[in-house]
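Let me begin by presenting the structure, written as structure tokens, before commenting on it.
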Amino acid sequence: MSIQRRHLLKALPFALAAPALLRTGPAGAQEATLRLHHFLPAVANVHRYFLQPWARKVEQESGGKLKIQIFPSMQLGGAPPQLYDQARDGVADIVWTLFGYMPNRFPRMEAFELPFIAHEKAAVNALAAQEYSALHAKDELAEVHPLCVWAHDGGLIHANKPVQTMEDLRGLKLRFPTRLAGEALRALGAAPIGMPVPQVPEALSQRVLDGAVVPWEVVPSIKLQELVRNHTAIPGSPTFYSATNILAMNRAKYESLSPELKKVLDANGGLAGAAMAAVPYDQQAQVVSDMARKRGNQIITITEAEKQRWMTATQPVADAWVSQMQGKNIDGASLIAATKALVAKHSGAA
């Protein structure tokens, strides 16, 4: 056997094992295919109205040199709380996940998830959360390359009984999306239960839950409008809660791209990416609420006076968070002030 053939055979297993994600085109320009992994099915509004259009836009603006394959419903394996680490470790190139799936890991990002901080519209929260993350949480996100960060519109309480007052919440087993939303629900008298949103339908069917706290956008992807008959909204801004999201990329994969391809991703990240991410929430809120209404479901908006009761009852959650941050040498009060200022700054986007 020739030396050249021997070297070729030795190299072959490594060539087969390595994913063919980076290649050089005929003109010498780098091309890349990136795998984007997330936790909801392909019918989900974020998948259809953000991730798919975003991926197409990136491909078009790169002249077809940068392609993004989307894998919904955890098709690459693992569980939703593992998505961030999948991006960090290169199991996936890009992930969409929620910070709320990783409680206590990103303390500075929690400021945006405190009760009655966020705006009722995603267009405002998305821009404010992106700017906040760049200013105040950059070190927390250093393990990945953050493409964009956003927060959704005001979440609702979807339950198997009408909720109009704090008293109606007493003992109600509600799925919460973030640690602080869970604390706020507990302060209101509910019995919060934490779980990733894909587990909600089975938990409702088995009576483990009486309801769930999610924005309208999520409802049809888990058929929540078929599982409960009551939907309770909080009027105006600030709203009861919002959850922060991230489109995170493997840092080494990003750094391996050519300057040309990095420029395309950068142009579609940051505030531009956050603005695109807000679209499914604000555009689909009315569509999905109409869908629930047509089924005969009851849509309730609590009164302003009742909202004030909820704000008073949940203020200790924010106070306790500030104390917790002091133990981490973090100025929580300043972060709350910064969050409110950014929400106010971007309120014109509503």
For Trp310, Trp216, Trp96, what ranking results if the residue with the fewest other Cβ atoms within 10 Å of its Cβ goes first?
Trp310, Trp96, Trp216
Among 41-47, 114-120, 75-81, 171-177, how do they line up from the highest to the lowest mean number of other beta-carbon atoms within 10 Å?
114-120, 171-177, 41-47, 75-81
Given H placed 1.01 Å from N in the peptide plane, which residues other than close sequence neighbours of Leu209 have an amide H under 5 Å from its amide H?
Leu204
Convex hull volume per residue in cubic angstrom - Cα atoms of the range 45-200:
132
In terms of modelled amide H atoms, which long-range or inter-chain residues lie less than 5 Å from the amide H of Ile300?
His231, Thr232, Ala233
What are the DSSP H helices in the chain that stretch 18 Å or more along their long axis, judged by alpha-carbon atoms, and whose average Kyte-Doolittle hydropathy comes to at least 1.0?
332-345
Note to self: C-alpha centroids of the range 209-235 and the range 287-317 sit apart, in Å, by 11
Taking θ as phi - 60°, what are the ³J(HN,Hα) couplings along the range 105-121 by the Karplus curve (6.51, -1.76, 1.60), each to the nearest whole Hz, with x for Gly and Pro?
7, 10, x, 5, 5, 5, 4, 6, 9, 5, x, 6, 10, 7, 7, 6, 10
If each residue's Cβ is checked for other Cβ atoms within 10 Å, how do Arg309, Arg207 rank with the fewest at the top?
Arg207, Arg309
Of the candidates Ala267, Ala122, Ala277, which one comes out as most mobile in a Gaussian network treatment of the chain with C-alpha springs shorter than 10 Å?
Ala267
Would you mind checking which residues have amide H under 5 Å from Cys148's amide H? H placed 1.01 Å from N; only 5 or more apart, or other chain.
Leu247, Gly270
Mean projection of the alpha-carbon convex hull of the chain over all orientations, in nm²?
20.5
Prolate/oblate/rounded call for the range 208-249, Cα gyration tensor, a/c under 1.5 rounded:
oblate
For the range 171-311, rounded, prolate or oblate, judged on the Cα gyration tensor with a ≥ b ≥ c (square roots of eigenvalues), a/c < 1.5 rounded, else prolate if a/b > b/c?
prolate
As a Kirkwood estimate from alpha-carbon pairs, the range 170-227 has a hydrodynamic radius in angstrom of 11.3
Residues of the range 153-194 with amide N under 17 Å of a point placed 7 Å along Cα→Cβ from Ser323
180, 183-184, 186-188
Stokes-Einstein D for the range 78-153, Kirkwood Rh over Cα pairs, 4 °C, 1.567 mPa s (µm²/s)
100
Would you compute, from DSSP H runs of 4+ residues alone, the mean residue ellipticity of the chain at 222 nm, taking -39500 (n - 2.57) per run and dividing by the full residue count, rounded to the nearest 500?
-13000 deg cm²/dmol
Taking neighbour Cβ counts within 10 Å as the exposure measure, how do Met195, Met109 sort from fewest upward?
Met195, Met109
Which whole-number percentage describes the relative contact order of the chain, with Cα contacts under 8 Å and a sequence gap of 6 or more?
25
Considering only the other residues whose Cβ falls under 14 Å of the Cβ of Gly154, what net charge follows from Lys and Arg at +1 and Asp and Glu at -1?
-3
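Rule-based calculations on the coordinates, nothing more; no lab input. This structure is a prediction, so every number in the text was calculated from the model and none was measured. A quick note on method: Cβ atoms are made from the backbone with ideal geometry, for glycine too, and the neighbour counts reach across all protein chains shown.
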